[in-house]
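K.L.:
Here it is: the structure, laid out below.
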Amino acid sequence: RIMVRVAKGISKPERSMYISEMLADVPLAVVEEILLNLPAHQVVRVCSLVCREWKELVDSASHWRERCRRERIQPCDASRTPDDWRLFYFITKNRRNLLKNPRAEDKLKGWKIVQNGGDCWVAEENRKPFPDETVTKCYVTSYGLCLKQQLIYLKKEGYSDAFMDQLQPHIKISDWYAPRFDCGCQYEICVELLDQRKKPICTFQPEKVFFEQWNDEPWCQMTHVFKDYGPGVRFIRFTHGGVDTQFWAGWFGIRVTNSSVEICPAEER
């Protein structure tokens, strides 16, 4: 660490010569072991600038493959190895749900209400068991169309314009929905990849799903993966909701919860 700090204070040719002399008797295997025990962002931003040998280590696929192995980060399909292990590492480490308050734990906070028909949106406890026992609440629609929306600004979430344009990582969306057993209802979803002016580049909008009255339908999952969508994506607009088809006062419409939008490795199919 001291060596890196000292080397950063001199010119690049001097730094290279200084570090090369200091490390002349240190095996590269030892250097790599040191790098593997440092935070990944520090290795890329600082250590790769120390000297040519260190940069070659940091740029090598073997370094990132070993880092993935140690941190138990592996492709879902072991037969499909990543083309870029460093990219795979960072996308997987940073992977998270970009939607705020997806499980109705904080009522409607974080959502923009697009339509609020009937007795409006409401959050309540799940009436039927959810596959994930930690998900205990959901959003419920009424007898008039209810739609809610979130707009995700990718740069604000840490995904730069260059990253999105050059790498075009897969964007995976997921949404869970279910009807009440005693009331017919309708579910709909629309997810759009938008440019800087918030104009759609790519859209996922499947046909509306209808449930009959007196059903025993369990929770259903809607999923889609955006890929090969081209450059220019800056925002993601997620909109979903529905309505009950019996037009009963109260909250008998479609239930939605555990929604997600994730930037994920291309190796995940």
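The values are calculated or read from the model by the stated rules, or taken from the named source; none is laboratory data. Computed from a predicted structure; not experimentally measured. Using ideal geometry, Cβ is built from the backbone for each residue, glycine included, and neighbour counts are taken over all protein chains shown.
K.L.:
So in region 148-161, with the set limited to residues that are hydrophobic (A, V, I, L, M, F, W, C) and outside any loop (DSSP other than H, G, I, E, B), which one is nearest to the chain's Cα centre (by Cα)?
P.N.:
The initial filter retains those residues of region 148-161 that are hydrophobic (A, V, I, L, M, F, W, C), namely 151-152, 154.
In the following step, the residues that additionally are outside any loop (DSSP other than H, G, I, E, B) were identified as 151-152.
Working: Leu151: 14, Ile152: 11 Å.
Restricting to residues being hydrophobic (A, V, I, L, M, F, W, C) and outside any loop (DSSP other than H, G, I, E, B), the top hit is Ile152.
K.L.:
Moving on. Can you give me the number of residues within region 43-68 that are within 23 Å of Pro169 (Cβ to Cβ) and either surrounded by 12 or more Cβ atoms within 10 Å (Cβ to Cβ) or touching a His at 6+ places or on another chain (Cβ under 7 Å) (or both)? Give the steps one after another, and end with the answer.
P.N.:
Within region 43-68, the subset within 23 Å of Pro169 (Cβ to Cβ) is 43-45, 48, 58-68.
Add one more test, that the residue is either surrounded by 12 or more Cβ atoms within 10 Å (Cβ to Cβ) or touching a His at 6+ places or on another chain (Cβ under 7 Å) (or both), and what stays is 43-44, 48, 58-61, 63-68.
Qualifying residue count for the region: 13.
K.L.:
Would a scan of region 160-179 turn up a residue that is touching a Gly at 6+ places or on another chain (Cβ under 9 Å), surrounded by fewer than 15 Cβ atoms within 10 Å (Cβ to Cβ), within 24 Å of Pro200 (Cα to Cα) and not assigned by TED's automatic domain parsing to the domain that holds Gln246?
P.N.:
no
K.L.:
What's the number of the condition Ser79 fails, among (1) in a loop (DSSP other than H, G, I, E, B); (2) modelled with pLDDT of 85 or more; (3) among the hydroxyl-bearing types (Ser, Thr, Tyr)?
P.N.:
(2)
K.L.:
Tell me, please, whether a residue that is on the phi < 0 side of the Ramachandran plot, assigned to a loop (DSSP other than H, G, I, E, B) and among the acidic types (Asp, Glu) can be found in region 123-130. Please lay out each step first, then the result.
P.N.:
Of region 123-130, the ones on the phi < 0 side of the Ramachandran plot are 123-130.
Now drop any that are not assigned to a loop (DSSP other than H, G, I, E, B), which leaves 126-130.
Restricting the remaining residues to those that are among the acidic types (Asp, Glu) gives none.
There is no residue in region 123-130 that is on the phi < 0 side of the Ramachandran plot, assigned to a loop (DSSP other than H, G, I, E, B) and among the acidic types (Asp, Glu).
K.L.:
So, in region 181-212, how many residues would count as being closer than 23 Å to Thr223 by Cβ and of a type outside the set (Ser, Thr, Tyr)? Explain how you work it out, then say what you get.
P.N.:
The first filter runs over region 181-212 and keeps only residues closer than 23 Å to Thr223 by Cβ, leaving 185-194, 200-211.
After this cut, where a residue has to be of a type outside the set (Ser, Thr, Tyr) as well, the list is 185-186, 188-194, 200-202, 204-211.
Total satisfying the criteria: 20.
K.L.:
Let me confirm something: among Arg96, Arg86, which residue is under 21 Å from Phe238 (Cα atoms) and not aromatic (Phe, Trp, Tyr)?
P.N.:
Values: Arg86 fails: under 21 Å from Phe238 (Cα atoms).
Answer to the check: Arg96.
K.L.:
Further question on the same structure: With the requirement that a residue be within 25 Å of Phe88 (Cα to Cα) and outside any strand (DSSP E or B), what does region 162-210 give you?
P.N.:
Scanning region 162-210 gives Ala162, Phe163, Met164, Asp165, Gln166, Leu167, Gln168, Pro169, Asp195.
K.L.:
Would you tally the residues in region 75-109 being within 17 Å of the chain's Cα centre (by Cα) and either within 30 Å of Val135 (Cα to Cα) or among the aromatic types (Phe, Trp, Tyr) (or both)?
P.N.:
Of region 75-109, the ones within 17 Å of the chain's Cα centre (by Cα) are 75-76, 87-103.
Among the residues that remain, those that are also either within 30 Å of Val135 (Cα to Cα) or among the aromatic types (Phe, Trp, Tyr) (or both) are: 75-76, 88-103.
Matching residues across region 75-109 total 18.
K.L.:
I need a count of the residues in region 165-193 that are more than 13 Å from the chain's Cα centre (by Cα), within 18 Å of Asn97 (Cα to Cα) and hydrophobic (A, V, I, L, M, F, W, C).
P.N.:
5
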